[in-house]
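As structure tokens, the structure follows; a few thoughts come after it.
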Amino acid sequence: MNATTSAEEDLAAVEQVLAGDVEAFEGIVRRWQSPLINMAWRYCRDRSRAEEMAQEAFIRAWRGLSRWRRESSFSTWLFALAANVYRSELKRFPAQTLPLESAHEPSGAASQLSELEERRRQEALRRAVLALPLRYREPVILYYFHEMDLAAAASAMSLPQGTMKARLSRARALLRRRFPQLEEESAVVELTALNPGKEAAN
Amino acid sequence: MNWTKTIRSEENGAGADRNARMEAEIGRILATEEKLIPSSGFMASVMEQVRQEAALPRPISFPWTWAVAGILLAGGVFGWGVFEILRPELPALDILALRALTLPSPQAWVPLAGPVEEVGWVAMALVISLLCWLLSRRLAGSGGLL
């Protein structure tokens, strides 16, 4: 499904819902359930809670559908609304996180990285994002959720792109300090990409 | 001297490279996230809640027009009352000029003093009560409760 078709379908569904057809909202839920759940997952890293938060976002969208101005795309409006819902949900009941200082980097030399250890390391980094201060955490979540589209992430947070960029940079610096071993491993990744045969032989 | 500067700038350059590499690695990890698939009952659950919400009567919208008018009226009455209380305490002001700005003073109502005045107050209270009752019925009716 391309973006234009999706936008047209969203618009048509919204018009139908506003005209009183409750069932037309199902099309919107079908199209956006996966993005909204995955976005919520990045906020809390708890599957069942992510679904609850996404459900709440859909209900708020249902209630506020008439407030969507056609100036921005439906997806932009929906993501901004969902971000607001997730932010306030997590203020009420914070996600279970460790302080950033106690987010341990998995040990082990770069050359001994097994797939399992690699996964554990990646998960540790993703969880460390949740331990960032809120003003840095949310830009990271939204930037990578929107596949590194700075404009989309900034618009979901109603922030200027410059501010968003500055917060992202600060967040990366905080994570970099917390995970110094990433340097060696990124070098290994680069070497592997350059000499795949040699790395396999080792 | 120049060598020191060169070495320092090379170190800074190396540091910046290292930071850039690490940040690229952080970006790579955060950008590659496995996608969650919604559970089978998710959509049904959302639609069930939406249907329940749709079946409820619409909430009564707050009557801002009436509220603003009421607040202005109450504020005006309160202000006038305060002014009337404080007026004797302001001898420096030109009383005649102030009288021109305010409602007739109680002395001007002397001919109405006595039982007629009391009846007037009671009648006014009744009219205000009636208006309040009619207003609340109208609001409840527009909200579908009556």
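Read-outs: derived from the displayed coordinates by stated rules, not from any lab. Here the structure is a predicted model, which means the values were calculated and not measured. Every residue, glycine among them, receives a Cβ derived from its backbone with ideal geometry; neighbour counts consider all protein chains shown.
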Legend entry - Per-selection metrics, segment A:3-92 (Cα): Rg and Dmax in Å: 12.9, 37
Legend entry - Exposure proxy order (Cβ contacts within 10 Å, fewest to most) of A:71, B:84: A:71, B:84
Inset, instruction - Arrange the following residues from fewest to most other Cβ atoms within 10 Å of their Cβ: B:80, B:64. - result: B:64, B:80
Inset, instruction - Sort B:17, A:149 so the one with the fewest other Cβ atoms within 10 Å of its own Cβ comes first. - result: B:17, A:149
Legend entry - Euclidean distance of C-alpha centroids, segment B:46-89 and segment A:140-169, integer Å: 40
Legend entry - Pairwise FRET efficiency - residue B:127 versus residue A:92, Cβ, R0 = 51 Å, nearest 0.05: 0.60
